[in-house]
Structures are given as C-alpha cells and as structure tokens.
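> Please see the structure below; I have some questions.
The values are calculated or read from the model by the stated rules, or taken from the named source; none is laboratory data. This is a predicted model, so every value here is computed, not measured. Because the Cβ atoms are built from the backbone with ideal geometry, glycine has one as well, and the counts that use them run over all protein chains shown. Ligands, DNA and RNA are excluded from the accessible area calculation, which covers all protein heavy atoms including side chains. Shrake-Rupley method; radii C 1.70, N 1.55, O 1.52, S 1.80 Å.
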Amino acid sequence: MTWMLYGANGYTGRLVAKLAVERGERPTLAGRSRERVAPLAAELDLPYRIFDLADEDATRAALSQVDTVAHCAGPFTATAVPMVAACVDARTNYLDVTGEIAVFEDVFGYHDAAADAGIVLLPGSGFDVVPTDCLAALLAAEMPGARRLELALSITGGASPGTLKSAIGSAGQGTFVRAAGGLRRIRSGHHVEVPFPSGTASAMPIPWGDLVTAHRSTGIEEIATYFRVPKMPAFAQDLGTAMLKLPAAQQIAAALVERFVPGPSEKTLGRSRSELWGRVTGADGETISATLTGPGPYPMTADAVVRAVHRLESGVVRPGAHTPSSAFGADFVRELDGVQVSVAPSFL
C-alpha cells in the first residue's frame, strides 16, 4: 500500500513522519511549501510532492498516485472539505486528525459519496478522537440503551501552534452539549468534579468532537464533554468567549501563537500524559464508568495515525465515513502504545 502524509512539515505531521520511518514505513511527504517539506524529506530519505489544495486538478493528480492520505494540515475547517472531495474523485482513502465539530459533520456528509467510490473517510484519527470515541463505544457496549454519556479529559505536555490556533478559532463559538434533537449551546462557567485516575479534579464543558462522533458511534442522545481546568468565575469565561468572537482578537491571538509558540519539546513530549474518564447512565439511573491512561496527545496521535493507515491497508473497513470505533472496533485504543483502559460499575 502506498500512502501520503499531507502537512508533513507541521508539528503533528513531523511526529507522524518520523514514527512512520521508525516503523519501516515510507510515506510520500506532501504540503504546499517546498521550502518546508523538501528538507524534512531529505532528512528522512522519503519522496515528496508539492501541491496546494486550492488547485483541484493538482490535488486529484497527486492523490491518484496513493491508496491513502493522512491529512495533517489544518485549520481543518478550511482544508478538510477540499481534500475529502479530491479523495472521492481520486478514490483515495482519507484520514485526518481534526477535533472540530463542524469538520466531523462536513466529512460525514460525504458518507454516501465515499461508499459509492469504495473508499473510507476517517476524520479524528488522532487524540481527537480515538481514545474518547473508543472509550464511549466500550461503555455503550457495557450498557446497551444508555441514555447519557459523559467524557472528560486531563492532559499534560503543552500544545502545538496548530492546536492552539484551532482552539482560538472555536473558542468564540461557545460551549455545547448534545441533547435530544442535536447540539445545544450552554454557558461555559459550569464545572463538574471528575474522578480521574490520578485523583478528583475540576473540569468544565468544552465542544469536543465526541458531541458528534460519540453519538454516531453509540446512538446515545445526551452527551457532555469536559476538560480539566482550574476553577474560574463564570463571568471570566464568558468574557473570554465574547472577546474571541471578535475577528480582530482571533487574528491577534493566532499571530502571537505563530510567532511565540514552537510546540512541546521532545523532552516535554516524553513526560506528557493523558487521562480520560467516561460514564454512561441508563434509564433507571444505573451507571458504568471507565478510565483510560496513556501517553500525551501528540505521541498518541502519531501512533494512532500510523496504525490507522495499516488498518485501512487490510481492506476490512467497509467503505463510507467512519468514526475510529466504527472503523476498527472499540478495542482499537487498547492497541496503542502505553494505553490502559479500565471499565467498572460506578455509583458516583
């Protein structure tokens, strides 16, 4: 199988490329900047292609030469749809590392076209949303007919420039939960206490991709997603959200990130960790909870992407648009390096 890594020169793309080489893979590196892609290709002794997603003919021509593309060039709100459309035309499998709700909805909208083309579309094949999606599917299997799903994350190790810019772009949109009938906007000041494996901590709602993907994977109608943060007054969070709704504020924040944030160092990556907690609740109030521990988001993303490419190579995934658990099964996350999962009844 031949595969391409688009956005190879970005922070996450470089991690994926280097891990792929360590595992004996030879992906074609790609991006729109020869000045950035060519040196990495030379360093890793890999072939490369240069094309801009705005050039539809060049994109289709490049994709027609590979079986799968791993798309790591954000912001995915701008780049995912052009790449997916080209993949459908070229009959090339697609996976990405997005976490944005709107992108999941856009990609899932191509399900029928992908099925007709005989290809797989797999958004969220990194930390967003492999561990949470698989944890949700494991919990749903333990409690068929569950009414409510809660997921919470705690991570250490810092963020890349791309991740921070995506967060800035989505922060101004507010916070959501999933209720019967779809997404519902809520105030961001609400906190919950979450029993993470390392201890109970405060977490606040965030618009994580599982509000779309976990619903697609499990059928559960009520979903809330949380992120571990220090407690702060609701008015402070509302003020921050209001500020980031202003285009000028977003542009300034993104420019500052681009200039001053290099991304976590190799030493920091080695120390980074992730903890997840999930809980499903049935109609009778019974609950089942689960926890997951593992490496930080970026090492886990690189591992998941390289493994996902191999899974797609097997040809066992039915064509169409998938979540990680619908493509590979809920136990896919257990295969990732350093990941441990525990599922047990809960009375919290």
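> Please give me the summed charge of the neighbours of Asp55: other residues whose Cβ is under 15 Å from its Cβ, Lys and Arg +1, Asp and Glu -1.
0
> Considering the zone a paramagnetic label at His190 would reach in this model (a point 7 Å from Cα along the Cα-to-Cβ line), which residues of segment 203-221 have amide N under 11 Å from it?
Within reach of a label on His190: 205-206.
> Could you give me the ³J(HN,Hα) list for segment 206-218, computed from phi with Karplus coefficients 6.51, -1.76, 1.60 and θ = phi - 60°, whole Hz, x at Gly and Pro?
These are the phi-based 3J(HN,Hα) values: 9, x, 6, x, 5, 4, 9, 6, 5, 5, 5, 6, 10 Hz.
> For Ala179, list long-range residues whose amide hydrogen, built 1.01 Å from N in the peptide plane, is under 5 Å from its own amide hydrogen.
Residues meeting the amide H criterion: Arg184, Ile223.
> A further question on this structure: Ignoring ligands, DNA and RNA, what percent of the 1.4 Å accessible area of segment 1-113 is carbon and sulfur?
45
> Taking the dipole about the Cα centre of segment 1-86, with the C-beta of Lys and Arg at +1 and of Asp and Glu at -1, give me whichever of Phe51, Ala80, Leu15 is farthest to the positive side.
Result: Leu15, furthest along the dipole toward the positive end.
> Count neighbours as other Cβ atoms within 10 Å of each site's Cβ, and list the trypsin sites (Lys or Arg not before Pro) in segment 28-110 that are DSSP loop with at most 10 such neighbours.
Here no trypsin sites (Lys or Arg not before Pro) fit, given the DSSP loop and packing criteria.
> I would also like to ask the following. Under the Karplus relation 6.51 cos²θ - 1.76 cosθ + 1.60, θ = phi - 60°, what is the ordered set of whole-Hz ³J(HN,Hα) values for segment 4-19, x standing for Gly and Pro?
Once rounded to whole Hz, the list reads 10, 10, 8, x, 5, 7, x, 4, 5, x, 5, 5, 5, 4, 5, 5.
> Over segment 1-144, with the other protein chains present, what is the accessible area per residue in square angstrom, probe 1.4 angstrom?
39
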